[in-house]
Amino acid sequence: MKKSIILVFLVSVLTGQNLLNESFDDSNDLPAGWEFIPDSYPTLTGQWLISSTSTYFNTNPPSATYYWSPSIPNSFAYPYEGHYLYSPIIYVDSLTNAMISFQIAFDGYQSPTGHFNGINFEYSSDGDEWVTALNYEISGDGGTVDIIPRVETFYASMENTLQLRWETYGTNSYYIDNWHIDDVDVSVRGCLTHIND
């Protein structure tokens, strides 16, 4: 009996409170509170959108996708930066440990020499500076650079608010196709300090 009580307690603590869960299931619109910045994009620099096309990389569409469709190979004429996917602001009552997870995938090929393209995952608590938690950078002179869909997970401490963002950047690499972000989840996770038995 004691072991079953401890197990129930353990499961309830580890499960925690869900603060945000988004699967981008409306292919016609961005969910309430989410933003793509900017609203319009310079020529040949790609753009954030909701993609409902099912592919080897977009395995559970729709997804938030940075879609890249250049037409000038080997050109450095169209660099891009400051292209963001922002989450809604998440509110809590007090200092909290949160577990953040999301699926990421990338469809691309070797870039021409000198080019690079990447994506940062960042978060901010209480409007403080953005903290870079993850970075993927795809540079020239490599082989195929596909990232098969996988889930990234990490912990962050938040005070009263938490906001997430994904920032894409690059140098107009001709062979970048899509970054896919899906199944974003933020949950409160308690810390177990001592368990008997």
Self-check item: For the range 50-58, 3J(HN,Hα) per residue [Karplus equation, 6.51 cos²θ - 1.76 cosθ + 1.60, θ = phi - 60°, Hz, x = Gly/Pro]
Solution: 9, 9, 9, 7, 8, 9, 4, 9, 9
Quiz prompt | Helix 2-15 vs. the chain, principal-axis angle (Cα, 0 to 90°, nearest 10) | solution = 30 degrees
Exercise. For the chain, set up a Gaussian network in which alpha carbons nearer than 10 Å are linked by springs, and say which option among 26, 39, 146 fluctuates the most.
Key: 39
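Go through 99, 158 and list them by solvent-accessible area, largest first, probe radius 1.4 Å.
Values: 99 40, 158 0 Å².
Result, largest first: 99, 158.
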Quiz item: If you take the beta carbon distance between residue 43 and residue 135 as r and set R0 to 22 Å, what does 1/(1 + (r/R0)^6) give as a FRET efficiency, to the nearest 0.05?
Solution: 0.25
Self-check item: Centroid-to-centroid separation of the range 121-138 and the range 44-119 [C-alpha atoms, Å]
Solution: 14 Å
Exercise. Work out from phi, with θ = phi - 60° and the Karplus expression 6.51 cos²θ - 1.76 cosθ + 1.60, the ³J(HN,Hα) of each residue of the range 106-122, listed in order in whole Hz, and give x for Gly and Pro.
Key: 9, 10, x, 9, 4, 8, x, 3, x, 8, 8, 9, x, 9, 10, 10, 9
Self-check item: Under 5 Å, built H, 5+ apart or other chain: amide partners of residue 111
Solution: 141, 142
Quiz prompt | Per-residue HN-Hα couplings for the range 23-30 [Karplus 6.51, -1.76, 1.60; θ = phi - 60°; Hz; x = Gly/Pro] | solution = 10, 6, 7, 9, 6, 9, 7, 6
Quiz item: Given H placed 1.01 Å from N in the peptide plane, which residues other than close sequence neighbours of residue 20 have an amide H under 5 Å from its amide H?
Solution: 186
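Give me the percent relative contact order of the chain, please, defined on Cα pairs under 8 angstrom at least 6 residues apart.
That works out to 33 percent.
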Self-check item: Separation of the residue 74 and residue 32 label points, Cα + 7 Å toward Cβ, nm
Solution: 5.2 nm
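Order of 83-93, 147-157 by packing, highest average Cβ count within 10 Å first?
Details: 83-93: 16.4, 147-157: 12.5.
For the peptides 83-93, 147-157, the packing ranking is 83-93, 147-157.
The values are calculated or read from the model by the stated rules, or taken from the named source; none is laboratory data. Small disclaimer: the values here were computed from a predicted structure and weren't measured. Here Cβ is always computed from backbone atoms with ideal geometry, including for glycine, and neighbour counts include all displayed protein chains. Surface areas here come from the heavy atoms of the whole protein model, side chains and all, with no ligands, DNA or RNA. Shrake-Rupley method; radii C 1.70, N 1.55, O 1.52, S 1.80 Å.
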